[in-house]
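S.K.: Next up is a structure, given as structure tokens.
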Amino acid sequence: MIMHKKIVISLFLIPSLVYSLTLQERFERISQRENLLGDFVVTEYQKNLSFLRLHSLSATSLFLEEINIPQHLAPKKPIDWDAWLTALAPHHTSWLLYEIDISSCKIIDCYSFSRSAYISLSHETSFLTRLMTLPLHKTPLSERKRIGPKPSQDMPDSRKLWNPPKIYRGERCKNPHFEMLQTTWPKDASELSGKLIHLYFDEDNPYFPFPYWIEVGDGYNVFQLHVIDSGHSSVFPQKKPPKPLYLNSLTTTHEGSLEIYLKNTQHLREFQLFAVNARGSIALPYTLSKKDDLLLLTVSQATLAHLVQKKLLYNLHIIPLEDPSLSLETEAPILLFP
């Protein structure tokens with residue numbers, strides 16, 4: 001099940017976006033075609049279904065949605081995925097939203113709608129980062145699987161190419177055409193070490209972002225993952241909440257000024273800053289600037305000397321005026337003016 005989880009998250013998104021373009025170019029290409037948002041595939045493995053969909057875009061990120069449900073609890077076929085989503089995916093066991101940075105092509109965050117919280121994906125992120133460096137090549141026609149018995153060596157091979165089934169909106173498509181790509185996982189201590197990976201993409205719809213069939217390994221030990229349904233749905237009942245404001249660091253300059261670095265500020269640009277202890281709260285004036293992807297609040301040494309008492313500990317309370325629900329407070333009191 002661990003290998004399956006990695007393959008679902010990784011192979012179903014990243015390689016499909018790499019082929020024929022760099023990953024960054026492919027992300028940008030998708031970002032210019034908003035009609036692709038809502039494209040989905042559904043995979044089946046060990047009596048579980050995984051619904052995977054391009055969810056949304058921002059100026060810098062692409063979002064991939066994954067919903068898992070036990071097969072015996074899924075709606076009866078043909079499944080009306082729009083209705084299922086509208087009803088908030090009854091009986092789902094997990095509902096995740098991955099944020100992928102367009103410029104760096106890395107997973108930034110994963111939000112669980114089921115838990116109403118952000119969750120850590122450090123292990124999967126490192127796996128993804130490595131996978132994205134692997135080159136993908138078109139499989140030569142001479143190496144593709146064909147239908148029927150193999151002819152003798154002195155006879156030309158005129159057998160038809162084998163193609164996986166293509167199911168769209170519950171209906172099996174006639175005579176689908178697929179392009180087959182392949183890569184080899186580096187030799188390491190992982191489950192995928194040295195394994196050959198084959199992926200089948202819809203040749204008739206080159207913009208469709210997901211493969212319809214994946215094979216890992218060759219010979220007698222082959223893992224297969226295939227799509228049992230695909231389509232497009234514009235029903236998006238779940239909206240990603242704002243990221244919680246995060247205190248990245250606190251530093252004191254040589255001059256004695258206090259520097260507060262904030263992460264996940266998004267649209268936030270106005271704050272109230274308070275120094276709080278048992279004696280009350282003090283509003284601290286500050287200057288605001290931007291440093292890389294962080295916002296910097298700087299309280300001058302003169303302000304600290306004027307407003308806070310020497311050698312007393314304070315908690316900092318930061319309130320975004322645009323969204324006070326994102327307020328944060330330092331976990332432990334600190335010395336603002338030694």
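The values are calculated or read from the model by the stated rules, or taken from the named source; none is laboratory data. Remember, predicted model here, so these are calculated numbers, not experimental data. Positions of Cβ are generated from backbone atoms using ideal geometry, with glycine treated the same way; all protein chains shown enter the neighbour counts.
S.K.: Contact list please: Cβ distance under 7 Å, first residue in region 56-80 and more than 17 Å from Val235 (Cβ to Cβ), second residue surrounded by 19 or more Cβ atoms within 10 Å (Cβ to Cβ) and among the charged types (D, E, K, R), pairs at least six apart or on different chains.
M.R.: Short answer, once both residue conditions are applied: Ser61/Glu99.
S.K.: Here's another thing I want to ask about it. How do the pairs read when you match residues in region 160-178 that are free of Cβ contacts under 8 Å to residues at least 12 places away in the same chain with residues anywhere that are in a strand (DSSP E or B), using Cβ under 9 Å and keeping only pairs 6 or more apart or on different chains?
M.R.: Listed pairs, sorted by first residue: Cys173/Ile167.
S.K.: If you go through region 78-90 one residue at a time, do you hit one that is modelled with pLDDT of 90 or more, hydroxyl-bearing (Ser, Thr, Tyr), assigned by TED's automatic domain parsing to the domain that holds Ile167 and touching a Ser or Thr at 6+ places or on another chain (Cβ under 9 Å)?
M.R.: Initial filter on region 78-90 (modelled with pLDDT of 90 or more): 79-90.
Then keep just the ones that are hydroxyl-bearing (Ser, Thr, Tyr); that gives 86.
Keeping just the survivors that are assigned by TED's automatic domain parsing to the domain that holds Ile167 gives 86.
Checking which are touching a Ser or Thr at 6+ places or on another chain (Cβ under 9 Å) leaves us with none.
Within region 78-90, none of the residues are modelled with pLDDT of 90 or more, hydroxyl-bearing (Ser, Thr, Tyr), assigned by TED's automatic domain parsing to the domain that holds Ile167 and touching a Ser or Thr at 6+ places or on another chain (Cβ under 9 Å).
S.K.: Kindly indicate the residue of region 252-288 that is in contact (Cβ under 8 Å) with a residue 40 or more places away in the chain and among the aliphatic types (A, V, I, L, M) and also surrounded by the most Cβ atoms within 10 Å (Cβ to Cβ) among those meeting that condition.
M.R.: Among them, the one singled out is Ala275.
S.K.: For the structure I just gave you, tell me whether Lys290 is closer than 30 Å to Ile67 by Cα and charged (D, E, K, R).
M.R.: Values: closer than 30 Å to Ile67 by Cα: no; charged (D, E, K, R): yes.
Criteria not met by Lys290.
S.K.: Then there's this: Which of the residues that make up region 260-287 are assigned to a strand (DSSP E or B) and in contact with a Leu (Cβ under 6 Å, 6 or more places away or on another chain)?
M.R.: Residues of region 260-287 that are assigned to a strand (DSSP E or B), as a first pass: 260-263, 271-277, 280-283, 287.
Residues satisfying the conditions are Ile260, Tyr261, Leu262, Lys263, Leu273, Ala275, Ile282.
S.K.: Report, by residue number, each residue of region 30-74 that is aliphatic (A, V, I, L, M), over 17 Å from Asn205 (Cβ atoms), modelled with pLDDT under 90 and assigned to a strand (DSSP E or B). Lay out the reasoning, then the answer.
M.R.: Kept after step one, since they are aliphatic (A, V, I, L, M), are these residues of region 30-74: 30, 36-37, 41-42, 49, 52, 54, 57, 59, 62, 64, 67, 69, 73-74.
When the remaining residues are screened for being over 17 Å from Asn205 (Cβ atoms), the result is 49, 57, 59, 62, 64, 67, 69, 73-74.
In the following step, the residues that additionally are modelled with pLDDT under 90 were identified as 57, 59, 62, 64.
Those that are aliphatic (A, V, I, L, M), over 17 Å from Asn205 (Cβ atoms), modelled with pLDDT under 90 and assigned to a strand (DSSP E or B): Leu57, Leu62, Leu64.
S.K.: Where residues in region 57-82 are touching a Pro at 6+ places or on another chain (Cβ under 9 Å) and surrounded by fewer than 18 Cβ atoms within 10 Å (Cβ to Cβ), which of them is farthest from Gly170 (Cα to Cα)?
M.R.: Among them, the one singled out is Leu73.
S.K.: Still on this structure: I'd like to verify a number: residues in region 289-327 that are more than 24 Å from Glu255 (Cβ to Cβ) and free of Cβ contacts under 8 Å to residues at least 12 places away in the same chain, how many?
M.R.: 2
S.K.: Can you tell me which residues in region 213-242 are surrounded by fewer than 19 Cβ atoms within 10 Å (Cβ to Cβ) and closer than 17 Å to Trp185 by Cα?
M.R.: Hits for region 213-242 are Gly217, Asp218, Gly219, Asn221, Val222, Phe223, Gln224.
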